[in-house]
Amino acid sequence: MEGRSEIKEKLTNYEWLLDRLYKKVPPRSGSTEYKIPEPQVIRIGSQTIIRNFRDVSEKLKREPQLVAKYLQKELATAGSYDSSSGQLILNVKVSKRVISQFLNIFFKNYVRCPTCGSVDTRLEKRGKTWILICEACGAEQPVKPF
Ligand SMILES: [Zn+2]
């Protein structure tokens, strides 16, 4: 049988834990609410230009160069990011739908925290390992390098 003081202590701890939990858990930057801007895609000859690439990258909270590298790898093509216009030119014919798909996969794997769903994250390279670090809940998740 537990004494009164023990029960009280447990209650207090529980309240403290709850309190802590509420403070720690950030408002969900919900996976469904967070919208990546639609890529503005134009195709010229055998090239594809993403006109709003800088804006898309900003929304993804990653350097355009990094997002560009990812797309180039997934599409097995070369490309060049023009930092003055904010456009990405890819040396391949690809549809807007395919680009959107890859941007969504990038967001899922390299931006959104798998633990709490926050987008307040950063990528850190530790040697050959890439870690997705969540600033909101502190979770660290190794991700596939590219
Ligand atoms: Zn998190």
query = With Leu75, Leu132 as the choices, which residue is outside the structural domain of Arg62 (by TED's automatic domain parsing) and either more than 16 Å from the ligand (Cβ to nearest atom) or open to solvent by less than 80 Å² (accessible area, probe 1.4 Å) (or both)?
reply = Leu132
ask   = Of Ile42, Ile89, Ile50, which residue is of a type in the set (Val, Ile, Thr) and under 17 Å from Phe106 (Cα atoms)?
value = Ile50
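What tally of residues in the range 108-129 results from selecting those that are away from the ligand (no atom under 11 Å from the Cβ) and either farther than 14 Å from Leu60 by Cβ or open to solvent by 10 Å² or more (accessible area, probe 1.4 Å) (or both)?
From the range 108-129, those away from the ligand (no atom under 11 Å from the Cβ) are 108-111, 122-129; that's our starting set.
Subset that is either farther than 14 Å from Leu60 by Cβ or open to solvent by 10 Å² or more (accessible area, probe 1.4 Å) (or both): 108-110, 122-129.
Residues flagged as away from the ligand (no atom under 11 Å from the Cβ) and either farther than 14 Å from Leu60 by Cβ or open to solvent by 10 Å² or more (accessible area, probe 1.4 Å) (or both) within the range 108-129 amount to 11.
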query = With respect to Phe102, is the statement that it is modelled with pLDDT under 95, open to solvent by less than 50 Å² (accessible area, probe 1.4 Å) and touching a helix residue (DSSP H, G or I) at 6+ places or on another chain (Cβ under 8 Å) true?
reply = no
ask   = Residue check, Lys35 against (1) under 27 Å from Glu124 (Cβ atoms); (2) out of contact with any Gly (no Cβ under 9 Å at 6 or more places or on another chain); (3) at pLDDT 95 or above, all met but one. Which one?
value = (3)
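The values are calculated or read from the model by the stated rules, or taken from the named source; none is laboratory data. Given the structure is predicted, the values throughout are model-derived calculations rather than measurements. Don't worry about glycine lacking a Cβ; one is built from the backbone with ideal geometry, like all the others, and counts go over all protein chains shown. When the accessible area is computed, the model is the full protein with side chains, heavy atoms only, and any ligands, DNA or RNA have been set aside. Shrake-Rupley method; radii C 1.70, N 1.55, O 1.52, S 1.80 Å.
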